[in-house]
Every structure is written in C-alpha cells, then in structure tokens.
Amino acid sequence: MDLEFFMDVSPSWWIKARRDEKFLKNYVFEKFERDYYPRIISKGRDKIDLDESGYLIKQSILNSLQKGDFRYEFLPEDEDLKESYSIKNGNVIFEPRKNKINCRILILVTMK
C-alpha cells in the first residue's frame, strides 16, 4: 500500500535539493513531522488520524523516511481555475475563481 503525503517547498529550495539527493532525503525526514499533509489517511473504509491514533503507522512511516526508503516528485506551483455563478435579479453572473497551489513535494511511502 502506497501512502501519499505532501510538503510545501519553494522553487529555490527545489533547485538546490534536486542536485543533492542526500540533502533532500535528510530534509524530508527532519521536517516531515511538522510539515506534512494530509494528517488523516484512509485505510480501507477507516480513517486514521496520524497525530491522534495512528502512532504505530506514523512510526513506520518515519522509519522508512529515516532509511531514505521513499519516492518523491516535485510538483510546481499551479493555478486552478473554477467557475461558479450566482443569480441576482434574474441575471446569471459568472464568477471565475483562481486558487493558487504552492510548490510541493509529493512523498510516496510504501507500507508493507
């Protein structure tokens, strides 16, 4: 079972980290505890809060990170454009909304 986590990073950090895998893996291990998301994961039909009741799973994840046993991918900054509309006085008004997504690193940890 692969678990997906994200950490926000800056583009300048990525430029440095992509050339030094040891630095990148060490950074992920050191910062993961406080910077990762989502903190609630799904296992089958159950939801597990890693901060509350998922201590054993979280320890297993941290052990994998410490060994450098994970995959990663840089996800550049992105904008998501969604359109919504409202009706006022019988007129339909389209309202585009932009959501900005920060640069992130996708972390894939395989649980056995």
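The values are calculated or read from the model by the stated rules, or taken from the named source; none is laboratory data. Predicted model, so just to flag it, every value in this text is computed and none were measured. Note that we place each Cβ from the backbone using ideal geometry, even for glycine, and neighbour counts take in every protein chain shown. Note: areas computed on protein heavy atoms with side chains; ligands, DNA, RNA excluded. Shrake-Rupley method; radii C 1.70, N 1.55, O 1.52, S 1.80 Å.
Could you list, in their original order, any pairs among LYS25/LYS67; LYS58/LYS112; LYS22/LYS112; LYS22/LYS58; LYS16/LYS58 whose Cα atoms are separated by more than 20 Å?
LYS22/LYS112; LYS22/LYS58; LYS16/LYS58
Which far-off residues, 5 or more places away or on another chain, put their amide H under 5 Å from the one on TYR72, with H placed in the peptide plane?
Close amide H contacts, sequence-distant or interchain: LEU108.
Taking only protein heavy atoms and a 1.4 Å probe, what accessible area per residue, in Å², does segment 1-89 have with all protein chains in place?
On the way: 6450 Å² over 89 residues.
Per residue, segment 1-89 has 72 Å² of solvent-accessible surface.
Could you tell me what percent of the accessible area of segment 17-112 is made up of carbon and sulfur, with a 1.4 Å probe and every protein chain present? Each step should come with its number before you reach the end.
Numbers: 3310 of 7160 Å².
Whole-percent figure for carbon plus sulfur exposure: 46.
Output wanted: per-residue J couplings in Hz (rounded whole) for segment 11-27, from phi through Karplus 6.51 cos²θ - 1.76 cosθ + 1.60, θ = phi - 60°, x for Gly and Pro.
3J(HN,Hα) across segment 11-27, in whole Hz: x, 5, 4, 4, 4, 6, 6, 5, 8, 9, 4, 5, 4, 4, 5, 5, 4.
How much FRET efficiency would the formula 1/(1 + (r/R0)^6) give for LYS22 and GLU77, where r is the Cβ-Cβ distance and R0 is 25 Å, rounded to 0.05? Please report the intermediate quantities before stating the final value.
On the way: r = 25 Å, r/R0 = 1.02.
Step by step, r from the Cβ atoms, then E = 0.50.
Simple spin-label model, 7 Å along Cα-to-Cβ: LEU56 to GLU30 in nm?
The modelled label-to-label distance comes out at 3.2 nm.
Can you give the extra length, in nm with one decimal, that the chain gains between SER12 and SER84 once fully stretched, where that is 0.36 nm per residue apart less the Cα-Cα distance?
Details: separation 72, 0.36 × 72 = 25.92 nm, distance 3.42 nm.
Taking SER12 through SER84 to full extension adds about 22.5 nm, to one decimal.
Sequence-distant or interchain residues sharing an amide H contact under 5 Å with GLY54, placed H: which?
Long-range HN contacts for GLY54: ASP49.
Under 13 Å from the Cα of LYS31, which aspartates and glutamates turn up, not counting those fewer than eight places away in the same chain?
ASP8
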